[in-house]
Amino acid sequence: MTIEIVPIHSDHIEGFHAALDTVAGESRRLAMTEAPPIEQTRIFVMTNIERGFPQFVAVSLGEVVGWCDIIPKGMPSTRHCGVFGIAVLQPFRGRGVARALIGVTLSAARAFGLQRIELTVHADNTRAMRLYERTGFVTEGVMRKARRIDGRYRDVVIMAIADFDRWSAPAVKI
């Protein structure tokens with residue numbers, strides 16, 4: 001099965017929204033438990049495209065099966081920082097899709113001029129944390145009981161690439 005990693009395009013919005021809703025509905029990987037309304041998602045994606053923010057999708061047989069984005073922070077003192085987000089649909093996990101998305105998106109963030117990339121991950125998602133570490137992220141701290149999903153508190157690990165000028169893209173093969 002061929003999977004392409006491509007910059008997000010307006011034609012991907014509905015597929016991105018559906019994939020986001022699916023992964024959010026798992027209540028395990030993302031801070032949200034459902035996707036925002038489609039129009040809000042459309043505004044988010046189109047704004048990212050217009051501003052040239054790094055946002056990529058993984059596409060298989062014309063369907064969005066994953067995505068990765070890095071959104072620059074807005075305050076003048078933090079514009080050198082980007083907030084990282086990623087998810088891959090369950091049937092495509094463990095196939096190198098996330099690693100490929102990370103490599104392409106981080107390379108684009110570096111070209112965009114970002115100097116620091118930040119992410120948060122649920123503390124019990126050790127598989128994701130190992131992947132992030134292999135791609136250059138380091139743990140900076142833990143926020144205890146930072147999220148409450150389905151009545152259960154979740155600790156959140158803060159990770160970042162702070163020495164982004166020394167970062168090099170991982171070898172990727174899907």
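The table below gives the values:
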item	result
Pairwise label distance in nanometres, residue 26 with residue 47, each label 7 Å out on the Cα-Cβ vector	2.6 nm
For residue 147, residues with placed amide H under 5 Å, excluding near neighbours	154
In sequence order, calculated HN-Hα J values of the stretch 25-38 (Karplus, 6.51, -1.76, 1.60; Hz; x Gly/Pro)	x, 5, 6, 10, 10, 10, 5, 8, 10, 7, 5, x, x, 4
Residue among 84, 164, 16 with the largest mean-square fluctuation in a Gaussian network model of the chain, springs linking Cα atoms under 10 Å	164
Residue-by-residue Karplus 3J(HN,Hα) for the stretch 50-55, coefficients 6.51, -1.76, 1.60, Hz, glycine and proline x	4, 8, x, 5, x, 8
Least to most buried among 75, 129 (fewest other Cβ within 10 Å first)	75, 129
Check: the stretch 40-155 dipole with +1 on Lys, Arg Cβ and -1 on Asp, Glu Cβ, in debye	260 debye
Residue with peak Gaussian network fluctuation, the chain [Cα springs, cutoff 10 Å], from 87, 160, 123	123
Choice from 128, 100, 58 showing the highest fluctuation, given a GNM over the chain with Cα pairs closer than 10 Å	128
Equivalent ellipsoid, the chain (semi-axes from 5 times Cα gyration tensor eigenvalues, Å)	21, 20, 17
Per-residue [θ]222 nm for the chain (sum of -39500 (n - 2.57) over DSSP H runs n ≥ 4, rounded to 500)	-9500 deg cm²/dmol
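Where a number appears in this text, it was derived from the coordinates with a stated rule and is not lab data. Because the structure is predicted, anything quoted here is derived from the model rather than measured. Note that each Cβ is placed from the backbone with ideal geometry, even for glycine, and that neighbours are counted across all protein chains shown.
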